[in-house]
Amino acid sequence: MSDVIEVAEVRYPLIIGEKTYHQVTEDICRPVEGKANKWWWLAFGVSGSALLWGFCCLAYTIGTGIGAWGLNKTVGWAWDITNFVWWIGIGHAGTLISAILLLFRQRWRMSINRSAEAMTIFAVICAGFLFQISLVLFG
């Protein structure tokens, strides 16, 4: 005979109280469909200010030229090229981290792998976005 003790699986209810599907849906949708609180408006104001600042900087660059980035006759590497290379380097770093963890077969690598691969994807998106802006603005 084996000395295995079987434990009855106890399932606790996911929803306490007797709620209908409609009440559960209302509870879930309340934060999204309700009125925004002061913290949301504060974050929205900061984001809107950053967007306006970006448009002002873009208008200034178009008005004065890319000399505002430091690209003039004596400088070969200006803001656009430096920024593009920076983001490509960040993307390579994420790929390297992911590859090293895979090569060493680390069991705990999954969460770090996800972060490193997300970092790579977002860095490449940023680099492509900057490259596209440079092409559109300055041919």
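The values are calculated or read from the model by the stated rules, or taken from the named source; none is laboratory data. Given the structure is predicted, the values throughout are model-derived calculations rather than measurements. Every residue, glycine as well, gets a Cβ built from its backbone with ideal geometry; the counts of neighbours run over all protein chains shown.
Of the residues making up segment 48-63, those that are under 20 Å from the mean Cα position of the chain (by Cα) and hydrophobic (A, V, I, L, M, F, W, C) are Ala50, Leu51. Among residues of segment 41-70 that are at positive phi, those with a Cβ under 6 angstrom from a residue that is outside any helix (DSSP H, G or I) and surrounded by 11 or more Cβ atoms within 10 Å (Cβ to Cβ), sequence gap 6+ or separate chain, pair up as Gly70/Ala78.
Looking across segment 87-139, the residues that are surrounded by 14 or more Cβ atoms within 10 Å (Cβ to Cβ) and either among the aromatic types (Phe, Trp, Tyr) or assigned by TED's automatic domain parsing to the domain that holds Gly54 (or both) come down to Trp87, Phe122, Phe131.
Name every residue in segment 66-93 that is of a type in the set (S, T, N, Q) and either modelled with pLDDT of 80 or more or in a helix (DSSP H, G or I) (or both), in order of residue number. Residues satisfying the conditions are Thr82, Asn83. Condition check for Val10 on (1) in a helix (DSSP H, G or I); (2) loosely packed, with under 10 Cβ neighbours inside 10 Å; (3) over 27 Å from the mean Cα position of the chain (by Cα): one failure, at (1).
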